[in-house]
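The values are calculated or read from the model by the stated rules, or taken from the named source; none is laboratory data. Here the structure is a predicted model, which means the values were calculated and not measured. When we count neighbours, we look across all protein chains shown, and the Cβ atoms used for this are built from the backbone with ideal geometry, even at glycine. Just so you know, the surface numbers come from the protein's heavy atoms only, side chains and all, with ligands and any DNA or RNA stripped out. Shrake-Rupley method; radii C 1.70, N 1.55, O 1.52, S 1.80 Å.
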Amino acid sequence: MNTHFDERLDGGQPGRDQSEVLADLQQALPGMTLLHREEDLRPFECDGLSAYRALPMLVALPETLEQVETLLKRCRALGVPVVTRGAGTGLSGGAMPLSHGVLLVLSRFNRILEIDPEARTARVQPGVRNLAISEAASPYGLYYAPDPSSQIACSIGGNVAENAGGVHCLKYGLTVHNVIKVEVLTIEGEHMTLGSDALDAPGFDLLALFTGSEGMLGVVTEITVKLLPKPETAKVLMASFDDIEKAGNAVGAIIAAGIIPGGLEMMDNLAIRAAEDFIGAGYPVEAEAILLCELDGVEADVDDDCQTVRRVLEKAGATDIQQARDEAERALFWAGRKNAFPAVGRMSPDYYCMDGTIPRRELARVLKGIGDLGEAYGLRVANVFHAGDGNMHPLILFDANQPGEFERAEELGGRILELCVEVGGTITGEHGVGREKIHQMCVQFSPGELTTFRAAKRAFDPDELLNPGKNIPTPARCSEFRLTKSAGDAPAPTRAPESQG
Amino acid sequence: MVTTHDIPQHDIQSQDASEALAERVRRAEAEGTPLRIVGGDTKAFYGRRVEGEALSTREHRGITEYDPVELIVSVRTGTPLRELEAALAANGQMLPCEPPHFGDDATVGGMIATGLSGPRRPWAGSVRDFVLGTRIITRQGSEQRFGGQVMKNVAGYDLSRLMVGAQGTLGLITEVSMKVLPLPGASRSLHLDMPLARALDKLSEWGRQPLPITAAAWLDGALHLRLEGGPSSVAATAERLGGDALKPDFWEALREQRLAFFAKDDSRALWRLSLPHHTPLIELPGVNDPDVLYDWAGCQRWLRSDLDAEAIRQAAARAGGHATCLRGAGGAAVDEPFTPLPPVLAKYHRNLKAELDPQGIFNPGRLYAAF
Ligand SMILES: Cc1cc2nc3c(=O)[nH]c(=O)nc-3n(C[C@H](O)[C@H](O)[C@H](O)COP(=O)(O)OP(=O)(O)OC[C@H]3O[C@@H](n4cnc5c(N)ncnc54)[C@H](O)[C@@H]3O)c2cc1C
Ligand SMILES: Cc1cc2nc3c(=O)[nH]c(=O)nc-3n(C[C@H](O)[C@H](O)[C@H](O)COP(=O)(O)OP(=O)(O)OC[C@H]3O[C@@H](n4cnc5c(N)ncnc54)[C@H](O)[C@@H]3O)c2cc1C
């Protein structure tokens with residue numbers, strides 16, 4: 001189905017023309033950068049999901065809060081929708097622009113306002129890069145725990161809007177567990193503080209509600225995060241397996257032994273080969289799967305835990321276990337994993353990253369299902385997996401220049417997500433629904449549940465001007481999706497010519 | 001799948017009363033009669049008085065899914081909290097937020113709706129941090145599922161965590177899925193005599209180090225500490241910090257407000273101050289050291305004082321926190337227990353309540369008079 005905003009399905013808005021809105025905003029905000037020529041708009045036409053594109057009507061690059069406030073007020077008065085954008089690394093089309101909307105880019109809000117080593121917090125603007133926070137905190141022996149693989153580029157505002165995770169989430173939590181306070185601007189241009197500098201705040205937990213709300217409820221303008229003391233030591237074990245199911249079972253066995261690793265990641269053979277080819281991390285290219293298990297904390301405990309995990313891995317049938325000898329090798333082991341997406345990207349003209357989460361016990365079944373589906377659709381799939389959390393990232397390899405191949409990849413992706421829902425999982429663990437998974441929302445949630453989501457949205461944005469068409473589908477979209485699905489259900493997917501690679 | 005632990009035959013009665021509860025909600029919505037949701041009747045003191053027909057969740061009970069290897073438990077909200085904790089302990093696991101019970105009959109629903117956490121809170125996280133998913137009976141009387149039974153899920157808005165601490169004002173919670181963690185391998189409690197100012201400084205200093213501290217309270221001239229983690233680090237840290245051994249049941253007595261400080265025959269009001277890390281001593285007229293108990297490494301302070309509510313709230317606000325009155329002077333009911341919200345925030349609270357419960361059938365007025 002068409003991924004573009006469709007008024008018929010996503011809700012109508014008064015279509016203003018560009019010159020009218022441009023004139024209005026230029027007058028209200030003479031000092032603000034406002035892009036309107038096609039060549040200037042072009043770089044903003046997509047986020048990290050480049051298959052979904054639309055040229056925004058205007059791009060605003062404010063530098064002060066007053067500008068953001070005025071912009072929101074003007075857009076509301078004009079009935080023009082606003083899509084907020086951080087660094088544009090999102091993988092679900094959450095920051096995909098609207099051709100009749102303003103793209104509000106927050107990249108110029110890139111200052112770290114305060115590091116408080118005593119309270120162990122950092123107060124930052126939304127455009128600050130995730131990694132920059134840990135870099136600024138490092139002199140105090142502190143760091144910011146959530147570490148998405150995109151951390152050198154993605155913004156903390158985008159992390160809040162997506163509730164981003166990272167390889168250290170099982171032990172240290174997601175964004176929602178590490179942000180204590182945010183300042184937001186509502187669509188009416190009102191300032192509001194959610195959360196507090198203390199460990200809780202009076203009233204409803206709107207901080208939790210806003211975290212992961214994909215820019216649909218308000219614009220996050222300042223964030224206070226919790227910083228943690230750097231662990232005294234961290235050690236990584238890499239275990240090879242000749243069978244992916246054994247690797248999956250080893251994950252459960254580690255946890256059953258009462259150990260919560262700092263990171264617990266799994267990669268399948270295709271992903272291992274890709275990463276090894278790209279980074280040279282020393283991965284065993286013949287293994288069917290590897291597990292990376294990081295144990296961190298106080299030296300004495302970490303040594304004990306390494307012993308325990310080693311025994312568990314041996315018992316689970318690991319064919320080889322290596323412990324990173326030093327910091328450099330530890331960094332290298334992780335570099336392979338953190339660069340897995342671009343590495344897979346080198347093997348194929350294009351790739352499409354999925355983000356389903358499943359109960360871990362279903363891993364073997366789901367991996368097999370993905371394999372079968374990939375074969376049926378004639379597309380290769382590499383698997384990178386936040387194994388500790390059950391969050392899978394199947395990467396579908398395709399070539400957009402081959403007619404029909406993207407559509408096939410997209411359909412395969414949809415099937416994989418439906419498989420995740422079937423086994424009791426969810427369509428997105430950390431990348432968000434955005435535009436991409438809007439249809440799968442109709443599979444995961446009942447009409448009543450979607451009604452409740454829309455009620456929550458209405459409380460903050462009754463005119464649906466913030467990021468319309470994302471995250472929560474309208475009833476019209478779900479009916480259309482169901483119709484299309486039942487009409488064309490289970491099409492015998494055409495086999496692709498053998499993928500080159 | 002490897003299961004090294006078999007799920008025990010826990011003695012929890014299992015009973016699904018969701019249809020009966022939904023029917024009650026439908027009736028209340030049709031007639032516009034408010035409901036007062038009752039779990040174990042143990043936390044009645046926490047919040048405003050609700051006028052409404054009592055709706056008990058007690059018949060809706062039992063663990064619906066628990067696979068220790070997944071680190072997730074799903075449980076109906078009428079289940080007694082102690083039964084849930086016993087089932088987890090039988091598998092070497094726990095609710096890391098260490099929720100207070102305030103009585104034998106405390107229910108899982110009451111834990112979620114009040115969102116109260118115990119001494120481990122600053123290190124492990126709060127009740128909401130461990131909530132992964134909920135089932136809620138909405139005003140239409142239909143049971144809806146949000147979040148899920150998986151560790152990570154960002155599909156749709158996080159309505160599950162929104163329910164935590166909402167005191168049942170946004171819907172009837174019928175089931176919750178929570179992340180659980182292994183019990184610590186070792187635990188030691190210590191008692192170090194030191195003055196308050198020094199204790200607060202020490203706690204800030206230790207907070208920046210990777211130490212296995214999981215509880216820290218100052219009262220009666222001494223810092224009370226709990227160390228938990230691997231046996232090696234706990235032993236090494238205990239040796240480094242010195243002090244005297246403390247009976248581990250101290251923490252339960254603190255959490256359950258059974259220490260002398262909380263005595264019911266003390267006629268002064270009981271306040272809870274929630275403050276940022278590293279907040280120094282807060283000066284209040286007539287308040288001396290023994291009138292304040294410092295939990296959560298100083299982030300949660302209990303205060304016995306008959307000072308004017310405004311004075312206490314302003315002092316907490318100046319330090320970046322807020323204050324809640326749990327018990328009025330002479331044990332009287334409190335008219336405004338929670339810190340009033342600033343106007344914009346209050347407006348969006350009203351909007352949200354109006355969208356999710358326009359007729360005000362769920363615990364109206366429990367949190368604030370306006371909704
Ligand atoms: C190679 C690669 C690896 C990745 N790895 C991970 C990973 O390990 N874990 C993970 O969770 N994600 C990962 N991602 C996805 C992405 O980086 C995250 O979702 C990130 O949080 C997006 O941040 P951003 O600043 O780029 O946001 P954008 O893409 O600009 O925006 C994302 C969404 O947030 C909204 N938004 C942005 N800023 C604000 C704001 N200030 N206020 C309100 N709404 C706002 C937008 O409207 C949009 O809906 C990866 C992406 C790539 C390309
Ligand atoms: C002698 C007596 C005195 C009372 N005095 C007061 C009073 O001063 N003020 C007052 O407000 N009430 C009072 N009540 C009623 C009492 O508040 C409720 O019965 C009580 O709030 C129910 O929760 P609980 O004590 O069982 O605690 P919990 O079960 O621990 O519940 C605490 C809170 O969570 C809510 N809750 C529990 N389960 C759920 C669920 N599944 N879904 C959504 N919400 C849930 C409850 O409504 C309550 O707000 C009194 C009752 C008695 C018998």
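Points worth noting:
- Computed over protein heavy atoms with a 1.4 angstrom probe, the accessible surface ordering of A:143, A:52, largest first, is A:143, A:52.
- Helical mean residue ellipticity (222 nm; -39500 (n - 2.57) per DSSP H run of 4+; nearest 500) of the protein assembly as shown: -9500 deg cm²/dmol
- The packing ranking of peptides A:460-470, B:350-360, highest mean first, is A:460-470, B:350-360, where packing means the average number of other beta carbon atoms within 10 angstrom of each residue.
- Cα gyration tensor shape of the stretch A:112-229, rounded if a/c is under 1.5, else prolate or oblate by comparing a/b with b/c: prolate
- What the stretch A:108-184 shows is 31 Å² of accessible area per residue, with the surface traced by a 1.4 Å probe over protein heavy atoms.
- Rounded FRET efficiency, nearest 0.05, which uses the C-beta distance separating residue B:49 from residue A:422 and R0 of 60 Å: 0.85
- The stretch A:40-94 versus the stretch B:24-80: alpha-carbon centroid distance in Å: 43
- DSSP bridge pairs, the stretch B:4-182: antiparallel proportion in percent, nearest 5: 85
- Report note on the peptides B:336-345, A:35-44: ranked by the mean count of other C-beta atoms within 10 Å, highest first, their order is B:336-345, A:35-44.
- Between 0 and 90°, nearest 10: helix A:299-315 axis offset from chain A longest Cα axis: 70
- Among the protein heavy atoms, those of residue B:191 account for about 50 Å² of accessible surface (1.4 Å probe, every chain in place).
- Global geometry of chain A, whether rounded, prolate or oblate, following the gyration tensor of its Cα atoms and the 1.5 cut on a/c: oblate
- Per-atom-type breakdown for chain B gives carbon and sulfur 49% of the accessible area (1.4 Å probe, protein chains only).
- Averaged over the residues of A:209-219, the number of partner chain Cβ atoms lying within 10 Å of the residue Cβ comes to 3.
- Inter-label distance, nm, simple model (7 Å from Cα along the C-beta direction), residue B:291/residue A:28: 5.1
- Mean Cβ neighbour count within 10 Å, used as a protection proxy, ranking A:289-296, A:321-328 highest first: A:289-296, A:321-328
- Sorted largest first by accessible area at a 1.4 angstrom probe radius, with every protein chain in place, the residues A:310, B:120 fall in the order A:310, B:120.
- Accessible surface of residue A:107 - all protein chains present, 1.4 Å probe, nearest 10 Å²: 50
- Positive-end residue of B:69, B:343, B:119, charge dipole of chain B with Cβ unit charges: B:343
- Per-residue mean of foreign Cβ neighbours for B:346-354 is 5 (Cβ atoms of other chains, 10 Å radius).
- Buried area at the B-A interface (accessible, heavy atoms, 1.4 Å probe, summed, Å²): 6700
- Each Lys and Arg adds +1 at its Cβ and each Asp and Glu adds -1 at its Cβ; summed about the Cα centre, the protein assembly as shown shows a dipole of about 1160 debye.
- Relative to the longest principal axis of the Cα atoms of chain A, helix A:447-460 runs at roughly 60 degrees.
- Degrees separating the helix A:363-377 axis from the principal Cα axis of chain A, which is the longest one: 70
- Over the protein assembly as shown - Rg/Rh using Cα atoms and the Kirkwood inverse-distance radius: 0.95
- Cα gyration tensor, the stretch A:233-343 - rounded (a/c under 1.5), prolate or oblate: oblate
- At R0 = 30 Å, FRET efficiency that the Cβ-Cβ distance of residue B:30 and residue B:344 yields, to 0.05: 0.30
- Averaged over peptide B:62-75, the number of partner chain Cβ atoms lying within 10 Å of each residue's Cβ comes to 3.
- Residue A:315-residue A:53 pseudo-label distance in nm [points 7 Å out on the Cα-to-Cβ vector]: 5.4
- Projecting the Cα atoms of B:50, B:147, B:92 onto the charge dipole of the stretch B:4-182, computed from C-beta unit charges around the Cα centre, puts B:50 farthest toward the positive end.
- Centroid-to-centroid separation of the stretch A:215-235 and the stretch A:244-260 [C-alpha atoms, Å]: 28
- Among the listed pairs A:181/B:264; B:152/B:247; A:338/A:457; A:230/B:152; A:181/A:338, a Cα-Cα separation exceeding 30 Å is found for A:181/B:264; B:152/B:247; A:338/A:457.
- Most positive-pole-ward Cα, A:363, A:377, A:473, against dipole of the stretch A:348-473 from beta carbon charges: A:363
- Free-standing Cys residues across chain A, given no other cysteine C-beta under 4.7 angstrom: A:46, A:75, A:154, A:169, A:293, A:306, A:353, A:420
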